[in-house]
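Written out below as C-alpha cells is the structure these notes cover.
Just so it is clear, none of the values below were taken in a lab; they were calculated from the coordinates. Just so you know, these numbers come straight off a predicted model, no measurement behind them.
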Amino acid sequence: MMGKTHIMWGVFCALVFYYLYSDLFLIFRLYELILIFIFVIFGSVLPDIDHGKSIVGRKIKIIAILFEHRGFFHSILAIVMWYFLFLLLLNKIYVYAILFGYISHLFIDCFNHYGISPFAPFNKFKIKGPFYTNGFVEKIFFLILNIFNILLLFLLVFLNI
Ligand SMILES: [Zn+2]
C-alpha cells in the first residue's frame with residue numbers, strides 16, 4: 001500500500017470511530033481532538049519506517065537498512081514496543097491514537113500480496129491478500145476513501161453531527 005492510501009484509510013477509520021463513539025470524546029477540547037487526529041495519521045504511516053522510500057522511512061534510513069520490510073515493524077510485538085516507548089513521551093490518549101493508526105495500517109497490509117508477519121521475529125507465518133501495491137484495486141480504494149472522508153468531514157464540520 002502507498003503511504004497516501006494508509007493515511008486516507010487511517011483518517012477513515014478515525015472518523016468512523018469518532019462517529020460511533022463520539023461520547024468518549026466529549027471530555028476533550030478542540031486542540032486535543034486535532035492532536036488525536038494528527039497522531040492517528042502519524043500512526044497510520046509509522047509501520048513503513050522499515051521501508052527506505054516511505055514517508056517516515058525516508059527520514060530515518062537506518063531502520064530500513066537494519067530491518068526487513070513488513071517484518072518486525074509490521075508485527076504484534078512492534079505494537080507492544082511502540083506502546084511502551086510512546087508512553088514515556090506522551091499522554092495515554094495520544095499513544096492510543098498512534099496505535100489506532102498503526103493497527104489500521106497493519107490491517108490493510110494484510111490484503112496486499114506481500115502480506116505481513118504478525119508474529120515476527122519469532123515466526124515467519126504470513127497473512128496476505130491478492131492486491132498489489134499501487135495496483136488498480138488500491139487506486140479505486142484510495143478514490144472511494146477520499147470521497148467518504150470528504151463526506152464525513154463535511155458532516156462533522158458543517159452539520160456538526
Ligand atoms: Zn506497511
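Return the whole-Å distance between the Cα centroid of the range 67-86 and the Cα centroid of the range 116-140.
If you average the Cα positions of each part, the centres end up 16 Å apart.
Taking only DSSP H segments of four or more residues, each worth -39500 (n - 2.57), what value at 222 nm results for the chain once the sum is divided by all its residues, to the nearest 500 deg cm²/dmol?
Estimated from H runs of four or more residues: -19000 deg cm²/dmol.
Select from Ser75, Ser22, Ser104 the residue whose mean-square fluctuation is largest in a Gaussian network model of the chain (Cα-Cα springs shorter than 10 Å).
Largest GNM mean-square fluctuation: Ser22.
Given 5 Å bins starting at zero, what is the percent of C-alpha pairs of the range 1-155 in each, up to the one with the largest pair distance?
Reading the bins upward from 0: 2, 9, 17, 21, 21, 15, 9, 5, 1.
Which ³J(HN,Hα) values, rounded to whole Hz and listed in residue order, are derived for the range 110-127 from phi using the Karplus coefficients 6.51, -1.76 and 1.60 in 6.51 cos²θ - 1.76 cosθ + 1.60 with θ = phi - 60°, glycine and proline given as x?
Calculated HN-Hα couplings, in order: 4, 8, 7, 5, 7, x, 10, 10, x, 9, 4, x, 7, 9, 8, 3, 10, 10 Hz.
With springs only between Cα atoms under 10 Å apart, run a GNM on the chain and tell me which of His105, His51, His74 wobbles the most.
Of His105, His51, His74, the most mobile in the Gaussian network model is His51.
Choose one answer from Phe131, Phe142, Phe122: the residue with the largest mean-square fluctuation in a GNM of the chain with alpha-carbon springs under 10 Å.
Of Phe131, Phe142, Phe122, the Gaussian network model singles out Phe122 as fluctuating most.
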